[in-house]
Amino acid sequence: MFRDFLESFRKNEYWTYSTWLKFGLKYRKTSLGPLWLLVSPALFVAFLGYLFSSVNGRPLDVFMPHLAVGFITWTLISGIINTSAVIFQARRSEILQGEMRLTDLVLAETFSGFLHYLHQLVIIVVVFVLFKIVPDLYSLVSLVGVALILLNSLWITLALGILGARYRDLVEMISAVMRLAFFITPIIWIPVDGAGGVLGAFLVFNPFYHFLDLVRAPLLGAQVAPISWIVVLTITVTGLLVTQLLYKRSSRLVPLWV
């Protein structure tokens, strides 16, 4: 797996140029072009920001940045996971040609999600400007958080793509889990300091919270909790090693399964 990823990075013409081409063609004949990527999340952040700031009993200048960073980052994470189980089924013709590595397709999907994320970062910038939030040097830690999300997206997409090619029900299971995960992850609500009980369990045992914390906390002037670093790094290392074993055993069977 690692050798194939390195080879895909070295020969990156497919997953870079094809992704740029598909991205441009998708919005070629629209009036707003890629700005359509901003419409839905911008409306979500604006309307739910005003509504849920009252529900949560938080000032708008506190809740809106929390929601903006959390929701845009969640869009990146959920987009990667939701499409992972069907990635090889959707690219069946390319796989059967025998010229594409599975890692090429994984990198293309990850790069596409990253392009969408870069466009939607404009929403976070606008919110920060409106509420006069000036990030400090510590906010650069958020870049490490984004990098870890993208690194994890490689093994998640590859592993779930292989399993999804074999077990077609997986995509429905993932969809159900992700809908639930959105509500139990602090995106439209802010966790109370020192939360315990059920609420504390939603934070400690929710991996999505820890990935969000790495990106959101530094931007909002808070320190990343040590437990978040431990959980994210553990998931990253474990996921890569397990996916390596899965890839070694099952990657050659994917053309038969799709």
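The values are calculated or read from the model by the stated rules, or taken from the named source; none is laboratory data. Note that this is a predicted model, so its numbers are computed, not measured. When we count neighbours, we look across all protein chains shown, and the Cβ atoms used for this are built from the backbone with ideal geometry, even at glycine. Keep in mind that these areas ignore ligands, DNA and RNA; they rest on the heavy atoms of the full protein, side chains included. Shrake-Rupley method; radii C 1.70, N 1.55, O 1.52, S 1.80 Å.
A compact table of results
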| quantity | calculated |
| --- | --- |
| Exclusive hit being among the aliphatic types (A, V, I, L, M), in a helix (DSSP H, G or I) and open to solvent by 40 Å² or more (accessible area, probe 1.4 Å), set L163, L150, L154, L158 | L163 |
| Selection status of V231, within 16 Å of the chain's Cα centre (by Cα) and at pLDDT 90 or above | no |
| Residue count, the stretch 87-141 (criterion: in a loop (DSSP other than H, G, I, E, B), of a type outside the set (D, E, K, R) and closer than 27 Å to F44 by Cα) | 4 |
| Top-ranked residue in the stretch 35-48 [being touching a helix residue (DSSP H, G or I) at 6+ places or on another chain (Cβ under 8 Å) and at pLDDT 85 or above; ranked as farthest from Q120 (Cα to Cα)] | L48 |
| Scan of the stretch 76-111 for residues that are of a type in the set (D, E) and surrounded by 21 or more Cβ atoms within 10 Å (Cβ to Cβ), ordered by number | D104, E109 |
| Every residue from the stretch 207-235 that is outside any helix (DSSP H, G or I) and of a type in the set (G, A, S) | G221, A222, A225 |
| Per-region count, the stretch 233-258, residues closer than 20 Å to A90 by Cα, surrounded by fewer than 17 Cβ atoms within 10 Å (Cβ to Cβ), touching a residue at least 60 places away in the same chain (Cβ under 8 Å) and hydrophobic (A, V, I, L, M, F, W, C) | 1 |
